[in-house]
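> Mind looking over this structure? Questions follow.
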Amino acid sequence: MKLVVASRNAHKLMELHALLGVHELIALPAEVELPPETEGTFSAAARTKARAAARATGRAAIADDSGIEAAALGGAPGVRSARFAGEEATDEENLAKLLRDVPSEGDRRVAYVCALAFADPGGYEHAVEGRCEGLLATAPRGSGGFGYDPAFLPADVDDDRTMAELTAEEKDAISHRGRAARRLRAWLDHRGVATPKSGDGASTAAEDSR
């Protein structure tokens, strides 16, 4: 069974392969262009990307959309997490902006959110969501992970390590993407989509997320 991932990010493909355990994941072909990200929720954005990838390739596809929500900023940056400091901003620039914008003596609560969506060429769709609560550190620490990990203090960890200071196994166990991936994998396994014997076909019925 092959699933197209609506991304060409090698790091994301490796992480999703480890978390999902599907037979084979294929990067989005270079000639496929995804639509602009205009949706207001993670689930809608993931569905749009998965749908576009499935239609363009003629294969079942999966997509993720994830980011961080800061209570002090009313849930921002949210779906704009990857572009928080500008359309071409680096991870470091986005993190620096978040640390500037969240008051040092204010509400430091943050949450990572990840939506994973499945779509087949016939129009069948399914989406799941994972969430990880935490606090925003006052300064980045750690060399692991990416994005906002160096300043994310997960509530599920007993000490004061950031996501960037956890081992890969520790992070996968509690991360938003890990939780979403386990939910999607359970759904794929239940439907027989993720097993090598399932073939490339899928139902064309519509389905709501969760």
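Values in this text are rule-based calculations from the coordinates and carry no lab data. All of these numbers come straight from a predicted model, not from anything done at the bench. Heads up, the Cβs are rebuilt from the backbone with ideal geometry, glycines too, and the neighbour counts pull from every protein chain shown.
> With the Cα gyration tensor of the chain in hand, convert its eigenvalues to equivalent ellipsoid semi-axes via √(5λ) and list them largest first in whole Å.
31, 18, 15
> Distance between Cα centroids, the stretch 1-58 to the stretch 142-183: provide it in whole Å.
The two parts, judged by their Cα centres, are 22 Å apart.
> Considering only PHE84, PHE42, PHE152, give the residue with the highest GNM mean-square fluctuation for the chain, with springs between Cα atoms whenever their separation is below 10 Å.
With Cα springs under 10 Å in the chain, the top fluctuation among PHE84, PHE42, PHE152 is at PHE84.
> In degrees from 0 to 90, rounded to the nearest 10, what is the angle of the helix 42-57 Cα long axis to the longest principal axis of the chain?
40
> In addition: Can you tell me the relative contact order of the chain? Whole percent, Cα pairs under 8 Å, sequence separation 6 or more.
Computed over the chain, the figure is 21 percent.
> Ok, one more. Sum up the lysine pairs in the stretch 2-197 that clear both bars: alpha-carbon distance under 21 Å and a spacing of 8 or more or different chains.
So the count works out to 5.
> Report, to the nearest 10°, how far helix 10-20 tilts away from the longest principal axis of the Cα atoms in the chain, using its own Cα long axis and a range of 0 to 90°.
70
> Follow-up question, since we're still on this one. How would ASP149, ASP64 line up from fewest to most surrounding beta-carbon atoms within 10 angstrom?
Fewest to most other Cβ atoms nearby, the residues stand as ASP149, ASP64.
> Next question. To test your reading of the geometry: what angle, between 0 and 90 degrees and rounded to tens, separates the Cα axis of helix 176-191 from the longest principal axis of the chain?
20
> Could you check what % of the DSSP bridge pairs in the chain are antiparallel, to the nearest 5?
Restricted to the chain, the bridges split so that about 80 percent are antiparallel.
> In deg cm²/dmol and to the nearest 500, what is the mean residue ellipticity at 222 nm of the chain if only DSSP H runs of at least 4 residues count, each as -39500 (n - 2.57), divided by the residue total?
Rounded to the nearest 500, it is -9000 deg cm²/dmol.
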